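Throughout, read-outs are computed from the coordinates displayed, never taken from laboratory work. Note that this is a predicted model, so its numbers are computed, not measured. Positions of Cβ are generated from backbone atoms using ideal geometry, with glycine treated the same way; all protein chains shown enter the neighbour counts.
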Amino acid sequence: MKLSLKRHREAHTKKTTGKMNWLRAAVLGANDGIISLAALVVGVAGATNSTGHILVTGIAGLFAGALSMAVGEYVSVSSQRDTEKALLEKERFELKHYPKEEFQELIAIYEKKGLKRETAETVAKELTKHDAFTAHAEAELGINAKKLTNPWSAALASAASFTAGALIPLIAIAFPAAPYRVTATFGAVVVALIATGVLSARASGANAGDATFRVVAGGLLAMVVTFGIGRVFGQAGL
């Protein structure tokens with residue numbers, strides 16, 4: 001009964017951790033979209049009242065940002081995947097040519113984790129008998145050879161989260177009349193950043209108040225600065 005409960009807790013912990021990592025990445029991508037697009041359109045709104053100019057800039061910024069996030073994530077994850085594949089191939093070679101040495105290495109790994117020599121040998125034998133390559137990949141490299149990260153999935157998720165966040169300031173600035181569009185955008189962005197700040201804090205286990213304050217303060221600072229720059233250029237007729 002105790003063993004069953006332990007396995008259930010371990011599985012639940014791994015599942016929960018995976019979901020939290022996914023949520024954290026999604027929230028960060030959305031935050032990038034919110035702040036980047038908000039700062040961009042507010043900056044343009046500070047320079048001109050032309051709805052067309054603001055929307056064209058905002059839409060271009062949305063696509064540029066989403067594509068940039070997707071490409072960056074694809075390159076990053078692809079590099080990581082290539083490194084993991086190289087390490088796995090090296091491990092496969094060592095298992096084929098130096099099985100005894102690799103077996104002793106596996107025993108030593110479990111000894112370092114706190115198992116007695118006899119227990120470590122038993123564990124190593126059982127795992128090697130079941131799937132030696134998987135056992136060594138996970139124990140030595142910390143890599144699940146059957147579940148390498150997909151760069152395409154990571155790229156699409158990054159682009160989607162950025163787009164979802166960027167749509168908030170874009171919509172907020174598109175519909176109000178010219179005198180109210182900047183105020184409406186500031187308000188919408190503050191609400192959105194509060195929501196993402198709380199979600200980010202829950203995903204990381206941090207203090208919600210501190211995390212939310214940092215996110216909102218950073219977003220407002222970016223918007224104020226770009227609006228000020230836009231206003232200066234607008235008044236200068238540039």
May I ask for the distance between the Cα centers of the range 60-81 and the range 172-238, given as a whole number of Å? 23 Å
For 42, 191, 123, what's the fewest-to-most ordering of other Cβ within 10 Å of each Cβ? 191, 123, 42
Measuring from centroid to centroid over Cα atoms, what is the spacing of the range 90-153 and the range 25-39 in Å? 40 Å
Quick one: give the max-minus-min coordinate of the C-alpha atoms of the chain along each principal axis, largest first, in Å. 78, 39, 23
Residue 113 and residue 174 label points (each 7 Å along its Cα→Cβ direction) are spaced in nm at 5.2 nm
Stretched fully, the stretch from residue 190 through residue 49 gains (0.36 nm per residue minus C-alpha distance, one decimal, in nm) 48.5 nm
Would you kindly give the portion of the calculated P(r) for the range 126-238 that falls above 21 Å, as a percent of all Cα pairs? 61 percent
Relative contact order for the chain: what is it in percent, counting Cα pairs under 8 Å that are at least 6 residues apart? 39 percent
